[in-house]
Amino acid sequence: MKAATALRRAAPGLERSIARALHSELRAFWRRRPVDPGLVLFESFDGNGALCNPEALFRALIADPAFSALTFVWSLRAGHDGDIVLRDFRGDPRVRFVRPGSSGYERAVATAGHLVTNATFPRWFSRRPGQVVVNTWHGTPLKKMGFDIGDQPARVANVLRNFLHADYLLSTGPYMTSTMYLGAHALDGLYDGRILEVGSPRVDAQFAGQDSTGRTLEALHAAGIDPEHRQLVLFAPTWKGTNFSRPLDDARLVLSQTRELQTRLGDAYRVVLKAHQAVHESVRGRVESGLLVPNDIPTNAVLAVTDQLVTDYSSIFFDFLTTGRPIHFLVPDIGDYDGYRGLYLQPDTWPGRVTTTVEELAASILSAPDPVADERAQEARATFAPLEDGHATERVLDEVFRNPRPVSPVSPRDPSAKPRVVVLAGGPPTSWAPAQTDAAVASIDLGAVDVTVVVSDSRRAPFVAWQKSLDPRIRVLVRQGEIGGSKSWALLERLGARRPAAHWSAEWTRLFGLSRIDEVRCASDDPFWRRLARAGSSPART
C-alpha cells in the first residue's frame, strides 16, 4: 500500500521527466536532419497569435510571386483557433500551423531555413549553420529594458542569448539601436550580426488604403465594436509588474478606467480597450462584448482607424506618431512605476497630454488641440520614428530575402573593436570561488577589452548580489537550460563516459550564437566549466 501511494505521488514528476527526455531526443533527432532553405518559421509573442512584425513579413512574402517556392510554418498556442491568419490560410498548402512545445514545433525550429520572431525562442534554441534568424522585436522602448532595469542578470539571459543568435535585428532607427540593443542588452562589442535600421513592418499597416481599413472595421464590427459616426478612442496600456511571465493582474482596474472614460466622453466617442499580450487572457475573461479589441486583429491595423490614442508606458505611442493624431497618457501610478521599472524619457517630454485621473483624461480628449503637445509629437516622430513611411516591410525583404548578405564565420571584424574575453565563473551548486573570478577580471583592462562573465543559473542571494556588484562594464551572461544531445549521455556520463567534443562545441554555440570570442578563461574548478572552456577556446568550434 505504501509503495503504491509513493508511486502515485511520484508519477507526475516521473511523467514530466519522461516528457522532457522525449523532447530532448526529438530535438537531437531533428537537429541531425538537413536545414530546408525554403522553409520559413514565424512566431509572435511565444506563439500568442500571428501578430506584429512577423505577421506583416509573412503576408508580404506569401503574396509576392517572387517567393512562391517558399513554405511557411506559424507557431500558435492552443486557443487561437479564431486567429485571422489561421482562418485565412488554414487550407493553403504552403502554410502549416504548429503549437509551441510540440514535436512539429521542434522540427520546424531545427530545420527551417529562416526563423522570424518578435520575442525569444526557448532556452534550448540554438541557431544551426545554414539557418537565418531574424529578430524583429516588438517595440521602441519607453520603459527601461534589459540590464538597465537593474534586475538580476538571469532575467535578461534568454533575451541576450537570442539576440546573439540573430543574423538580423530590426530597429526603428538610431534611438532604438543604441537604447534597446547596444545599451540595454549590452550587445555593443559582442554582437556579430547586422542591425537593420529599416523601421517596423507592422507600422506599414497604418499607411494602408481604404480596402485594408475597411477589413479592419469589419473585424471590429464582428467583435461588437461599432465606431461609425463616432471618434474611436483606443485605450492601450502596457503590462505592470517586474516579471513578464507573471504580470500584475490589473484587469479590473483597466476595465473600470475604460468604462468610466466612455461614460465621461459620451456617445460621440467609442472607447475600446486593447489589452497587452501578457494580460489579454485575464481581461478577456472579465469583459462584456464590444469593449475589448480581439487579440487576433493586428494592433497597427486598429491604429490606422483610431482617432485618439490613450496609453501609459507602452511603446505603442511610438507607432501612432506616424498618424499625427492626438496621444494622451493616463499614468496614475507614475511615481511607483518609474521607481521599480524606470523610464528612458520623462513625462514632460512625451508627445501628448499627461494625466493622472480618468476625469483629467476625458477633459484632455474633449479639449482643443494643444500646440505644445503637437510640437513635441512632431519632434518625437523625427527622433523615434524617422523611417516609418509605409515601406519598412519591403526594406526587410530586400535585405533578408532578395539581396541577403549572410553573416559569415570568417567575416572580418571591425579592426578598432576591443578584444573579447569570456570568463567562466560557474556558481552554486557547482564550485564557485568569487575571489578566483574577481582575480581573473582584475587582470583585464576593462577600458581596452570587452569582458563577459558567464555564471550558472543559481538564484541564491549572495550569488546574485555578487553578480550585480561587478563592474558595470562587465556583461553577465547567465547559463540557462541544458546541454543538448541525446539524454542517454547524461546516464553515460554518470557511468564514466565522456561526451563527444561536438556536444561541448554545440553548447558554446547555444550560449554565444554568432559571436566570436578571442580568449576564454575559466575561474571555476568544476569539470563542467573546464570542458566548456576548452570548447570555447577550440579553433574548430562551429
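The values are calculated or read from the model by the stated rules, or taken from the named source; none is laboratory data. Model, not experiment: these values are computed from the prediction. Cβ coordinates were reconstructed from backbone atoms using ideal geometry, including for glycine residues, and neighbour counts include every protein chain displayed.
Within the set Asp211, Asp151, the sole residue that is part of a loop (DSSP other than H, G, I, E, B), out of contact with any Cys (no Cβ under 6 Å at 6 or more places or on another chain), at pLDDT below 95 and not basic (Lys, Arg) turns out to be Asp151. Residues in region 97-134 that are polar (S, T, N, Q) and touching an Asp or Glu at 6+ places or on another chain (Cβ under 9 Å): Thr111, Thr117, Asn118, Thr120, Ser126, Gln131. Scanning region 106-124 for residues that are among the polar types (S, T, N, Q) and either assigned to a helix (DSSP H, G or I) or under 16 Å from Arg33 (Cβ atoms) (or both) yields a single hit, Thr111.
For residues that are part of a helix (DSSP H, G or I) and within 25 Å of Gln262 (Cα to Cα), tally how many sit in region 338-361.
Going through region 338-361, the residues part of a helix (DSSP H, G or I) turn out to be 338-340, 347-349, 358-361.
Subsequent filtering for residues that are within 25 Å of Gln262 (Cα to Cα) retains 347, 358-361.
Residues that pass the stated criteria total 5.
Entry remark, region 412-467: residues being among the hydrophobic types (A, V, I, L, M, F, W, C) and under 20 Å from Ala157 (Cα atoms) number 15 in total.
Residue pairs whose Cβ atoms lie under 9 Å apart, sitting 6 or more positions apart in sequence or on different chains, and linking a residue in region 252-270 that is farther than 17 Å from Asp312 by Cα to a partner that is surrounded by 16 or more Cβ atoms within 10 Å (Cβ to Cβ) and hydroxyl-bearing (Ser, Thr, Tyr), are Gln262/Tyr269. If you go through region 164-175 and pick out every residue that is touching a residue at least 40 places away in the same chain (Cβ under 8 Å), touching a Phe, Trp or Tyr at 6+ places or on another chain (Cβ under 8 Å) and either assigned to a strand (DSSP E or B) or not aliphatic (A, V, I, L, M) (or both), you end up with 5.
For region 131-144, a residue qualifies if it is more than 19 Å from His165 (Cα to Cα) and assigned to a loop (DSSP other than H, G, I, E, B), and the qualifying residues are Gly139, Thr140, Pro141, Leu142, Lys144.
For Arg252, state whether it is at pLDDT below 85, assigned by TED's automatic domain parsing to the domain that holds Glu288 and more than 20 Å from Val396 (Cβ to Cβ). Give the derivation first.
Working: at pLDDT below 85: yes; assigned by TED's automatic domain parsing to the domain that holds Glu288: yes; more than 20 Å from Val396 (Cβ to Cβ): yes.
Criteria met by Arg252.
Is there a residue being closer than 17 Å to Pro527 by Cβ and modelled with pLDDT under 90 anywhere in region 441-454? Within region 441-454, not a single residue is closer than 17 Å to Pro527 by Cβ and modelled with pLDDT under 90.
Taking the options Leu511, Leu532, Leu477, name whichever one is outside the structural domain of Arg127 (by TED's automatic domain parsing), outside any helix (DSSP H, G or I) and buried (at least 17 other Cβ atoms within 10 Å of the Cβ). The unique qualifying residue is Leu477. Scoring Ser364 on the criteria (1) surrounded by fewer than 16 Cβ atoms within 10 Å (Cβ to Cβ); (2) not in a loop (DSSP other than H, G, I, E, B) leaves a single failure, condition (1). Does Trp432 satisfy the condition of being within 30 Å of Ile18 (Cβ to Cβ) and aromatic (Phe, Trp, Tyr)? No. Of all the listed residues (Pro153, Pro141), the sole one being under 14 Å from the mean Cα position of the chain (by Cα) and crowded, with 19+ Cβ neighbours inside 10 Å is Pro141.
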